[in-house]
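This report concerns only the one structure given below.
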Amino acid sequence: MTLAEILVSLFPDGHQVVLEHGLLSGRGTLPKAGPVAVIGVDGRAPVGVDEAARLARQVLDVVKGGGKTPILVLIDSDSQRMSKRDELLGLNEFLAHLAKCLILADTQGHPTIALLYGHTAAGAFIATALATRTLLALPGADPAVMDLPSMSRVTKLSIEVLQEKAKSTPVFAPGLDNLAQTGAVAAVLDPQQSLAAQVDAVLQSQPAKHVDSRDQLGKERRGRPLAADIAGRVHGLACAAV
C-alpha cells in the first residue's frame, strides 16, 4: 500500500497529516479511538539529528498538550543517516532522545503504536517503531535491526555461518517474518480490510498502563524462547535485593 492509501484506510473521514522533507506530522480520527497524533518517516528517508529532533519535538508537544491522545508512528525509513556531521553532533544521543520521548509519552497515558509499511533499519528502526508499545506491520514491510553483512563485521562470523544460523534462529535474521517470530512485530495487518478498524482494535485491547510483553510474545512464538524467563529472574533478583 502507498502512504496515501494507508492514510485513507486509517482515516476514512479525512485527516490533517502532511509530509514534509520525508517526515510525517499531523492528526487523524479513528472511528473508536478518536483523535490520534501522527508522526513518521516516509520514502525511505534516513533519520539524522535534525529528523530525530523534529520527531521528538512532535512527541513532546503531544505530551504537553495533556489528555490521552494516542500517537501513531508510520514508518518507511532508511537507517540512521551515515554522515560525519551527524556522528560528530552525537546522532546516537538524538536517536536515544527520540526513543525516550516515545516511551515517556506512553507512560504518561498516550498509547504509542507504530505501523511499518516499508523499509526500516538499524538506529532509525530502534528509535521509532521499536520504541513504541505496539509495532504493527503490513505485508511486504522490510525491517532489519542489523543486516547480515553488518552483523558479520560485528560478530566476526562469516556470512555463511550467519545465514545458516538465521534458518533456525530468528534473532540472526532480518525480515518481517523473523521480527514477528521474536515478538518485535505484534501483528501483520490485512490490507484488504479497514486499517482503521484493525488499529482501533489494537488500541482498545491495550492495557491502561505501559506494559512491554514482547519477550513473552517471542516465547509463545518460539522466536525468543528464553528472554521472558531470564527477564523474570532478573526482575525477581532485583526486587529481592531492595
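Each reported figure results from applying straightforward, stated rules to the coordinates on display, with no laboratory input. None of these values were measured; they are calculated from a predicted model. Glycine gets a Cβ as well: all are built from the backbone with ideal geometry, and neighbour counts include every protein chain shown.
Give me the dipole magnitude in Debye, nearest 20, for the chain about the Cα centre, with unit charges on the beta carbon: positive for Lys and Arg, negative for Asp and Glu.
Working: 23 positive and 24 negative charges, 137 e Å.
Roughly 660 debye, rounded to the nearest 20.
Considering the alpha-carbon set of the chain alone, what are its Rg and its Dmax in angstrom?
18.0, 53
Would you give the gap between the C-alpha center of region 11-38 and the C-alpha center of region 197-235, rounded to a whole Å?
Measuring centre to centre over Cα atoms gives 27 Å.
So what's the net charge close to D86: Lys and Arg +1, Asp and Glu -1, counting the other residues with Cβ under 12 Å from its Cβ? Before the final figure, lay out each step's value.
Details: positive: R81, K84, R85; negative: D50, E51, E87, E93.
After counting each charged neighbour, the total is -1.
Once you list every other residue whose beta carbon is under 12 Å from the beta carbon of V62, what net charge do they have if Lys and Arg are +1 and Asp and Glu are -1?
So the surrounding residues net to +2.
Quick one: S150, S79, S205, fewest Cβ neighbours within 10 Å first, how do they rank? Mind showing how you got there, number by number?
Working: S150 15, S79 20, S205 8.
Ordered by Cβ neighbours within 10 Å, fewest first: S205, S150, S79.
Kirkwood hydrodynamic radius (Cα pairs, Å) of region 68-126?
Final number for the Kirkwood radius of region 68-126 is 12.5 Å.
Express in whole angstrom the spacing between the alpha-carbon centres of region 139-171 and region 72-130.
Their Cα centres are 21 Å away from one another.
Take M151, M1, M82 and order them by how many other Cβ atoms sit within 10 Å, fewest up front. Before the final figure, lay out the partial values.
Details: M151 19, M1 16, M82 13.
Placing the least packed residue first, the sequence is M82, M1, M151.
Which listed residue (V234, L19, Q193) has the Cα farthest towards the positive end of the charge dipole for the chain, taking +1 on Lys and Arg C-beta and -1 on Asp and Glu C-beta about the Cα centre?
Result: V234, furthest along the dipole toward the positive end.
Given K100/K219; K167/K209; K165/K209; K32/K167; K156/K219; K84/K156, which pairs have Cα atoms separated by over 30 Å?
On the way: K100/K219 26 Å; K167/K209 36 Å; K165/K209 37 Å; K32/K167 41 Å; K156/K219 28 Å; K84/K156 25 Å.
Beyond 30 Å between Cα atoms: K167/K209; K165/K209; K32/K167.
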